[in-house]
Amino acid sequence: TAIRNVFERYVTPAVVEQLLNSPRMATLGGARKTIAVLFADVRGFTALSEQIKPETLVQALNDHLAIGAQAILKQEGTLDKFMGDGIMAFFNAPLLQPDYALRAVKAALDMQHYITAYAAKMPEAIPMRFGVGITSGEAIVGNIGTAQLMNFTAVGACVNLAKRMQELARGGQVLIDQATYDNVALRVLD
């Protein structure tokens, strides 16, 4: 359990479980999978960094990232990485999730809801919101890097598109591609 607790601080519980059950998984390479990719970036962070104390800024950033991570993990997504004031996650790997696109959309909506509630409680106005982009498609999912340091991640066109969509999203907005929309619409209408 001590090893599990340490590893769960760096990778999601589903990845830890697979590594403990199958140590050969800790090699470079990956497999082609259909996934939903979510990128979320905190809007207003740069402007805020010029206005408040660094200690207050770091606390607000950590709170925002924790809120984003909580929403992703609640939907059993794989929290890939934090990138400054941004988050990358994907769904349907390593665990199969038939409703992967719906989980990604629910995570994004929860993220927006939690951030709104957080902002309402803040004594000092911290006007940061997430801009979110979600796409669905094929990617290579696995370990990328070197034998000494690797990252369990996803690489492919749908990953790049999700990042670009997130860059276009305004604070509080969730943009999804047509593949995600089609997948979610089918599940919502069933």
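The values are calculated or read from the model by the stated rules, or taken from the named source; none is laboratory data. All values reported here derive from a predicted model rather than from experimental measurement. Side chains included, ligands, DNA and RNA excluded: accessible areas come from the protein's heavy atoms. Shrake-Rupley method; radii C 1.70, N 1.55, O 1.52, S 1.80 Å.
When the solvent-accessible area of the stretch 130-178 is split by element, carbon and sulfur atoms take up 58 percent of it, the probe being 1.4 Å.
Applying 0.36 nm per residue to the separation of Ala185 and Ala147 and subtracting their alpha-carbon distance, the gain on full extension is 9.5 nm.
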